[in-house]
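The values are calculated or read from the model by the stated rules, or taken from the named source; none is laboratory data. Since the model is a prediction, treat every value here as computed from it, not as a measurement. A quick note on method: Cβ atoms are made from the backbone with ideal geometry, for glycine too, and the neighbour counts reach across all protein chains shown. The protein model used for the area step is the full one, side chains on, heavy atoms only, and it has no ligands, DNA or RNA in it. Shrake-Rupley method; radii C 1.70, N 1.55, O 1.52, S 1.80 Å.
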Amino acid sequence: MSLMPFTRDIFSPSEDFGFPLGFPLTGTAKLEDIRPMPLDVVEKKEHYDIKADIPGVKKDDIHIMVDKGNILRLKVETESKKEEKKDEDDEKWHRYERSYSFAQRSLRMPEEADLQHIKAKYEDGVLKLVVPKTKERAVQNRVMIE
């Protein structure tokens, strides 16, 4: 038996919390409340292309954030409310339903990714991100020992 070296994919999610690509925050959640967010990440010569399938949401429900450690975080929060009323002779009937869904994906981007100049576009249910690469690689500083 041989041991295989442990390697971590640079695009691995940093926080999935054991849920399938996101999780709902309601106590009465059903399987359809969980919004999967499949991603495609392609490295090109001068940038990274990232595509996320997020159908059925408004552009304002999508949040793109950059955290310490070159973490690119995509978050989607949606809320909907339904109200029905029925008035008859001796009866009033009300029904209110609310639903809330939440999905989040996090990517640890390579050091050369320029996360300050991301271009984003949301069209036909697909979020497209272009993350440019920096021209310079990070300079390694040598620390002198006293």
Asp60 being surrounded by 11 or more Cβ atoms within 10 Å (Cβ to Cβ) and over 13 Å from the mean Cα position of the chain (by Cα): no
Among residues of the range 125-134, those that are closer than 16 Å to Asp40 by Cβ and either free of Cβ contacts under 8 Å to residues at least 40 places away in the same chain or among the hydrophobic types (A, V, I, L, M, F, W, C) (or both), counted: 5
Selected residue [assigned to a strand (DSSP E or B), farther than 22 Å from Leu39 by Cα and touching a helix residue (DSSP H, G or I) at 6+ places or on another chain (Cβ under 7 Å)] from Ser99, Ser80: Ser99
Subset of the range 65-89 (residues that are more than 12 Å from Arg108 (Cα to Cα) and of a type in the set (S, T, N, Q)): Thr78, Ser80
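Pick from the range 24-41 the residues that are aliphatic (A, V, I, L, M) and farther than 20 Å from Ile62 by Cβ: which of them is modelled with the lowest pLDDT? Explain how you work it out, then say what you get.
Let us first name the residues in the range 24-41 that are aliphatic (A, V, I, L, M), namely 25, 29, 31, 34, 37, 39, 41.
Still in the running and farther than 20 Å from Ile62 by Cβ: 29, 31.
Working: Ala29: 47, Leu31: 44.
So the residue we want is Leu31.
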Top-ranked residue in the range 116-130 [being under 15 Å from Asp61 (Cα atoms) and not in a strand (DSSP E or B); ranked as most open to solvent (accessible area, probe 1.4 Å)]: Asp124
Some residue of the range 95-110 being of a type in the set (D, E, K, R), out of contact with any Asp or Glu (no Cβ under 7 Å at 6 or more places or on another chain), under 30 Å from Lys44 (Cβ atoms) and in contact (Cβ under 8 Å) with a residue 40 or more places away in the chain: yes
Residue identified as open to solvent by less than 80 Å² (accessible area, probe 1.4 Å) and without any contact (Cβ under 8 Å) to a residue 60 or more places away in the chain among Glu84, Glu88, Glu43: Glu84
Flag for Ser80 being at pLDDT below 90, under 15 Å from the mean Cα position of the chain (by Cα) and of a type outside the set (A, V, I, L, M, F, W, C): no
